[in-house]
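A short write-up of the structure that comes next.
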Amino acid sequence: MKTIGYVLVILAGLMTAAPNDAGAIPAFARKHGVNCNMCHTAFTKLNDFGQRVRDNGYQMPGQEGREMNVFQIAPPVSMRTSTGMLASHTGKQTTSSFALNGLDLLAAGVLHKNISFLLIYTPRLDEPAADYSGNADGANPGQPGALESANIVFSNVVRDALNVRVGRFEPAYHAFSSKRSYYLRQGYEIYAFTTPSNQFVFDDNQLGIEATGHFRNGFKYGAGLVNGNGANPDINNAKDVYVNLFQTIGRGDGQNAGQRLGAFAYYGWQPTRDIGAFVGDGGETDGKGNTGFYRVGGDVSLNWKTFNVKAFFMYGQDDQKLNPLDSSDYVFRGGFARVDWAGLWNNRLVVSGMYNWVRPPCYDDDRPPMDVTSALVRYYLGDWTAVNVALHLEYSYRDIGGIHPESGHALAALVDFDF
Amino acid sequence: MLMVMVWIAPTIAFPGDAPVTPITTSPVQSLGPQRIGNLPPVPVPPDNPQTSAKILLGKKLYFDTRLSKDNTISCATCHDPALGWSDAGPTSAGINNQLGGRRSPPVSNSAYNLLQFWDGRSPSLEEQAKGPIENPIEMGNTHTAMIQSVNGVPGYQEEFKRVFGSSPITVDQVAQAIAAFERTVVTTDSPFDRFVRGDQAALTPLEAKGLEVFNGKGHCAACHWGGLLSDGRFHNLGVAPIDPAKPDHGRYEVTKNPGDMGAFKTPTVRDADLRAPYLHNGSEKRLEDVVRLYDRGGGSDDANLDPMMVPLGLSNGEIEALVAFMKRAMTSVNPEVINVKPIPKSELPE
């Protein structure tokens, strides 16, 4: 019986591996009358120039206050979705289905010199995508409605040294953004890994305030104060803190030029009892018996010609009070390595390979060790102004260890488009 | 700040583009980048309206070496119509063969510049026209001496009185006449312009690919935008001085702002093929060399490198296409501009 459960878990993972949201914002390309490759190696991955624009509050570096603002351009709204065929095979079960990969509505722009905003809304989709995830009881929409990002950025508060982001945002410790990954089906497993009694998900956007800075010598930092349970109100009235540091060697930002090293540390609090006993204006604030957890790790991004190799490692530890499975702290580790190649004319073809691994403690039967090997090919039909269409073929082989080892294959053939 | 109202270029019909409603007017210097496209009508200052008589007078002055101290240098010496309204470079030779430190910027389309000279020290064509006359290594003259010379030519006295209705001739009138002529040197008929106007066959397939790179992976359009294909702003590309003992601080010399150290005005890409060598000091011989400089993320003198400079990762094919686009596709064939011949001394006012 447990084997069947495993198969279902793997199938669910293969079929519904959280499709990555957000990505490119063609409204920027529309605003400036340029093509996507101005800021993207190939959408959705930012190139070095695009990374600097993002770091600068969606303003061209050095051109602050001399761009059209949001009121002087066509509505700064973009949309993205992908559709096609998903197929998977695990054990004796094979499934296939035409599918929609959700819908993102994005709005972003510059309100005033050094003041910009980003909104990403994913509308709830009940049809035709109902029951794509979870049990087939009609209770699981293909995409839950969510305000994935809603933040305002105050750039260059102290030259490049201090930029402040407030609201719900993708935290700076995401060395490699899952939102701007080429992979549409296979995410970064370690980003999504959750521990038994901790609501913190590394991959979640966070609600709070963040300070970032970037310097001419290639050094960057990010530091934040956030609720710590993703996009939700606080549950324990104790804020989480994080800091991340990057150093780029050579010209570029380590996206497709320069070599980049990074490190991060996140320290958070979780209640051990009475979660949600009282809901006040500030959230569920009377979670009691708060105890700590932390995540630390490092990353590297290396570039050679049109190859980009990146690797990420994370070590996580939850206090033993957050570990119902054992009397010790809950310790896990994992990471990924990925190589991208962008070639042919104007980066029209992208080929990528990725290896994900997660190693939870051996006593956690519900979270067996996992190895996922993936590959993709993306072909862009053109490099057009503020619109892009990519043909996307992605394959993953998922190998689950533990007491009931299992493996599975997943294939996705999609058309990814945004405008 | 000079605020010029311009019309934004119409939508370029790239395959698959959704129509975008153009914004009709906007103050240029505060709004960019803008889509590359056709040049708008020439901006003309209200205090110096264009007249055919003034333009002809300005043309004569432009080719007249009597504006210089020793009657050897005219505007056209360094801004030669046959050399893309620039000169052979790498930097310009003025009076007594003295070499300047900078490349001669083109007169063609200079009417659209918000600021004149590589360092933007002049706010108008009229002010710019006065500068080289007094520059000791260009025309080597003084305004007083130059005006005495021009006033000493009866033919000029007559023409200036007809154009401006007053006498004697003033420095401002000389400058206004030259500027009026320069405002007619506008290149609007390149294959790129025809492509933008809807002629899909105007670009070769390679040039069309080059346009794609120009507007995207090459990052060119981040600074070379709008109808002029220039943002009119100042950027440090990391270009090392020819003589390390004589560094050129560029825009910093005007503003004294450390952020402007080594920054120079973005030149237009229009007719660039006619104007080798390139950059403010003529240090890059070919357009391909310029592209490769950008591809490396800038030059070696990078203490104040513009933050928009990043390595581009261009392939040889992409560089070839980009250069092809900037050569034939950006070269205009306006007969009224490319057929301009120097006015012989015998036809200048006596």
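Considering only residues that are of a type in the set (Ser, Thr, Tyr) and buried (at least 17 other Cβ atoms within 10 Å of the Cβ), look in the stretch B:44-71 and name the one that is nearest to B:THR144 (Cα to Cα). Write out each step before concluding.
Taking the stretch B:44-71 first, the residues of a type in the set (Ser, Thr, Tyr) are B:51-52, B:62, B:65, B:68.
Pick out the ones that are also buried (at least 17 other Cβ atoms within 10 Å of the Cβ) and you get B:62, B:68.
Numbers: B:TYR62: 18, B:SER68: 12 Å.
So the residue we want is B:SER68.
How many residues does the stretch A:46-100 hold that are of a type in the set (D, E, K, R) and either in a loop (DSSP other than H, G, I, E, B) or touching a helix residue (DSSP H, G or I) at 6+ places or on another chain (Cβ under 9 Å) (or both)?
We begin by selecting, within the stretch A:46-100, every residue of a type in the set (D, E, K, R); these are A:48, A:52, A:54-55, A:64, A:66-67, A:80, A:92.
With either in a loop (DSSP other than H, G, I, E, B) or touching a helix residue (DSSP H, G or I) at 6+ places or on another chain (Cβ under 9 Å) (or both) added as a condition, the list becomes A:64, A:66-67, A:80, A:92.
Residues that pass the stated criteria total 5.
Check the stretch B:188-197 and report whether any residue there is within 12 Å of chain A (Cβ to nearest Cβ), surrounded by 17 or more Cβ atoms within 10 Å (Cβ to Cβ), touching a Gly at 6+ places or on another chain (Cβ under 9 Å) and assigned to a helix (DSSP H, G or I). Even if it seems obvious, please write down each step before you answer.
Narrowing the stretch B:188-197 to residues within 12 Å of chain A (Cβ to nearest Cβ): B:196.
From the residues that got through so far, the ones that are surrounded by 17 or more Cβ atoms within 10 Å (Cβ to Cβ) too are B:196.
Keeping just the survivors that are touching a Gly at 6+ places or on another chain (Cβ under 9 Å) gives B:196.
Next, only the ones that are assigned to a helix (DSSP H, G or I) stay: B:196.
Within the stretch B:188-197, one or more residues are within 12 Å of chain A (Cβ to nearest Cβ), surrounded by 17 or more Cβ atoms within 10 Å (Cβ to Cβ), touching a Gly at 6+ places or on another chain (Cβ under 9 Å) and assigned to a helix (DSSP H, G or I).
Pull up the stretch A:369-386, narrow it to residues that are surrounded by fewer than 21 Cβ atoms within 10 Å (Cβ to Cβ) and among the hydrophobic types (A, V, I, L, M, F, W, C), then point me to the one that is nearest to the chain's Cα centre (by Cα).
From the stretch A:369-386, those surrounded by fewer than 21 Cβ atoms within 10 Å (Cβ to Cβ) are A:369, A:371, A:373, A:375, A:377, A:379, A:381-382; that's our starting set.
Remaining after also requiring among the hydrophobic types (A, V, I, L, M, F, W, C): A:375, A:377, A:381.
Values: A:ALA375: 18, A:VAL377: 20, A:LEU381: 25 Å.
By that ranking, first place goes to A:ALA375.
Please verify whether A:LEU414 is aliphatic (A, V, I, L, M) and surrounded by fewer than 16 Cβ atoms within 10 Å (Cβ to Cβ), treating the condition exactly as stated. Break it down stepwise before answering.
Numbers: aliphatic (A, V, I, L, M): yes; surrounded by fewer than 16 Cβ atoms within 10 Å (Cβ to Cβ): no.
No: the conditions fail for A:LEU414.
If you take the residues in the stretch A:317-359 that are within 14 Å of chain B (Cβ to nearest Cβ), part of a strand (DSSP E or B) and without any contact (Cβ under 8 Å) to a residue 40 or more places away in the chain, which one is farthest from A:TYR397 (Cα to Cα)? Break it down into steps so the answer makes sense when it comes.
Residues of the stretch A:317-359 that are within 14 Å of chain B (Cβ to nearest Cβ), as a first pass: A:340-350.
From what's left, part of a strand (DSSP E or B): A:340-343, A:349-350.
Okay, now just the ones that are also without any contact (Cβ under 8 Å) to a residue 40 or more places away in the chain, so A:341, A:343, A:349.
Numbers: A:TRP341: 20, A:GLY343: 25, A:LEU349: 22 Å.
Among residues in the stretch A:317-359 that are within 14 Å of chain B (Cβ to nearest Cβ), part of a strand (DSSP E or B) and without any contact (Cβ under 8 Å) to a residue 40 or more places away in the chain, the one farthest from A:TYR397 (Cα to Cα) is A:GLY343.
A quick yes/no check of all residues on (1) buried (at least 22 other Cβ atoms within 10 Å of the Cβ); (2) modelled with pLDDT of 85 or more:
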residue	(1), (2)
A:THR3	no, no
A:TYR6	no, no
A:LYS45	yes, yes
A:MET79	no, yes
A:SER82	yes, yes
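Does any residue of the stretch A:352-360 turn out to be modelled with pLDDT of 95 or more and among the polar types (S, T, N, Q)?
Keep residues of the stretch A:352-360 that are modelled with pLDDT of 95 or more, which gives A:352-360.
Now narrow it down to the ones that are among the polar types (S, T, N, Q): A:352, A:356.
Within the stretch A:352-360, one or more residues are modelled with pLDDT of 95 or more and among the polar types (S, T, N, Q).
Select from the stretch A:50-77 the residues that are among the small types (Gly, Ala, Ser) and either more than 15 Å from A:PHE117 (Cβ to Cβ) or modelled with pLDDT under 90 (or both) and list them in ascending order. Working first, answer last.
Looking only at the stretch A:50-77, we keep the residues that are among the small types (Gly, Ala, Ser), and these are A:50, A:57, A:62, A:65, A:74.
Selection gives A:GLY50, A:GLY62, A:GLY65, A:ALA74.
Can you tell me which residues in the stretch A:341-368 are crowded, with 20+ Cβ neighbours inside 10 Å and under 14 Å from A:TYR188 (Cβ atoms)?
A:SER352, A:MET354, A:ASN356, A:VAL358, listed by residue number.
Determine the pairs where a residue that is among the β-branched types (Val, Ile, Thr), located within the stretch A:207-221, has a partner that is crowded, with 19+ Cβ neighbours inside 10 Å and in a strand (DSSP E or B) with Cβ atoms under 8 Å apart, the partner being 6 or more residues away or on another chain.
A:ILE209/A:ARG165; A:ILE209/A:GLY224; A:ILE209/A:VAL226; A:THR212/A:ASN163; A:THR212/A:ARG165; A:THR212/A:LYS220; A:THR212/A:GLY222
Among the residues that make up the stretch B:204-221, is at least one of them among the small types (Gly, Ala, Ser) and over 30 Å from A:VAL53 (Cα atoms)?
Within the stretch B:204-221, not a single residue is among the small types (Gly, Ala, Ser) and over 30 Å from A:VAL53 (Cα atoms).
Of the residues that sit in the stretch A:110-133 and are at pLDDT below 90 and among the small types (Gly, Ala, Ser), which one is surrounded by the most Cβ atoms within 10 Å (Cβ to Cβ)?
Per the stated criteria, the residue is A:ALA129.
Considering only residues of the stretch A:29-40 that are at the interface with chain B (Cβ under 8 Å from one of its Cβ atoms) and either touching a residue at least 60 places away in the same chain (Cβ under 8 Å) or farther than 20 Å from A:ASP418 by Cα (or both), which is surrounded by the most Cβ atoms within 10 Å (Cβ to Cβ)?
Let us first name the residues in the stretch A:29-40 that are at the interface with chain B (Cβ under 8 Å from one of its Cβ atoms), namely A:30, A:32-38.
Subsequent filtering for residues that are either touching a residue at least 60 places away in the same chain (Cβ under 8 Å) or farther than 20 Å from A:ASP418 by Cα (or both) retains A:30, A:33-37.
Working: A:ARG30: 23, A:GLY33: 25, A:VAL34: 26, A:ASN35: 28, A:CYS36: 30, A:ASN37: 28.
This residue is A:CYS36.
Give the residue that is nearest to A:ALA29 (Cα to Cα), with candidates limited to residues of the stretch A:373-411 that are among the small types (Gly, Ala, Ser) and within 14 Å of chain B (Cβ to nearest Cβ). So that I can check it myself, show each step before the final result.
Filtering the stretch A:373-411 for residues among the small types (Gly, Ala, Ser) gives A:374-375, A:382, A:386, A:390, A:396, A:401-402, A:407-408, A:410.
The next check asks that each one be within 14 Å of chain B (Cβ to nearest Cβ); those that pass are A:382, A:386, A:390.
Working: A:GLY382: 14, A:ALA386: 5, A:ALA390: 17 Å.
Per the stated criteria, the residue is A:ALA386.
Of the conditions (1) more than 14 Å from chain A (Cβ to nearest Cβ); (2) within 28 Å of B:ARG286 (Cα to Cα); (3) not acidic (Asp, Glu), B:PRO49 satisfies every one except a single condition; which number is it?
All conditions pass for B:PRO49, except number (2).
Could you please let me know if B:ARG251 is out of contact with any helix residue (DSSP H, G or I) (no Cβ under 6 Å at 6 or more places or on another chain) and not assigned by TED's automatic domain parsing to the domain that holds B:LEU125?
Details: out of contact with any helix residue (DSSP H, G or I) (no Cβ under 6 Å at 6 or more places or on another chain): no; not assigned by TED's automatic domain parsing to the domain that holds B:LEU125: yes.
No.
On the given criteria, is B:VAL150 in the same structural domain as B:GLY58 (by TED's automatic domain parsing) and surrounded by 20 or more Cβ atoms within 10 Å (Cβ to Cβ)?
Working: in the same structural domain as B:GLY58 (by TED's automatic domain parsing): yes; surrounded by 20 or more Cβ atoms within 10 Å (Cβ to Cβ): yes.
In short, yes.
Can you confirm whether the stretch A:360-372 contains a residue that is under 23 Å from A:ARG80 (Cβ atoms), touching a Gly at 6+ places or on another chain (Cβ under 8 Å) and either within 14 Å of another protein chain (Cβ to nearest Cβ) or without any contact (Cβ under 8 Å) to a residue 60 or more places away in the chain (or both)?
no
Looking at the structure I just gave you, is B:ALA208 within 14 Å of chain A (Cβ to nearest Cβ), among the small types (Gly, Ala, Ser), outside any loop (DSSP other than H, G, I, E, B) and surrounded by 24 or more Cβ atoms within 10 Å (Cβ to Cβ)?
no
Report the residue count in the stretch B:234-251 for those that are within 21 Å of the chain's Cα centre (by Cα) and without any contact (Cβ under 8 Å) to a residue 40 or more places away in the chain.
Final tally of qualifying residues: 1.
If I go through the stretch B:296-311 residue by residue, how many of them are farther than 16 Å from B:PHE234 by Cβ, surrounded by fewer than 20 Cβ atoms within 10 Å (Cβ to Cβ) and in contact with a Pro (Cβ under 9 Å, 6 or more places away or on another chain)?
Looking only at that region, the number is 1.
Give just the number: which of (1) modelled with pLDDT of 95 or more; (2) under 20 Å from B:ASN109 (Cβ atoms); (3) not basic (Lys, Arg) does B:PRO10 not satisfy?
So B:PRO10 meets the others, but not (1).
Tell me which helices (runs of 4 or more DSSP H) are completely within the stretch B:255-338 and hold 3 or more residues being at pLDDT 95 or above, or say none if there are none. I'd like the intermediate steps shown before the answer.
Details: elements: B:287-295, B:316-327, B:335-338.
Ranges flagged: B:287-295, B:316-327.
Where the second residue is of a type in the set (Lys, Arg) and buried (at least 21 other Cβ atoms within 10 Å of the Cβ) and the first is over 24 Å from A:ILE209 (Cα atoms) and more than 9 Å from chain B (Cβ to nearest Cβ) and lies in the stretch A:243-261, which pairs have Cβ atoms under 8 Å and are six or more apart or on separate chains?
Close Cβ pairs (under 8 Å, with a partner that is of a type in the set (Lys, Arg) and buried (at least 21 other Cβ atoms within 10 Å of the Cβ)) amount to A:THR248/A:LYS220; A:THR248/A:ARG260; A:ILE249/A:ARG260; A:GLY254/A:ARG260.
Only residues that are at the interface with chain A (Cβ under 8 Å from one of its Cβ atoms) and within 24 Å of B:GLY37 (Cα to Cα): list them for the stretch B:291-311, please.
Correct list: B:MET308, B:MET309.
The values are calculated or read from the model by the stated rules, or taken from the named source; none is laboratory data. Small disclaimer: the values here were computed from a predicted structure and weren't measured. Note: ideal-geometry Cβ built from the backbone for every residue, glycine included; neighbour counts use all protein chains shown.
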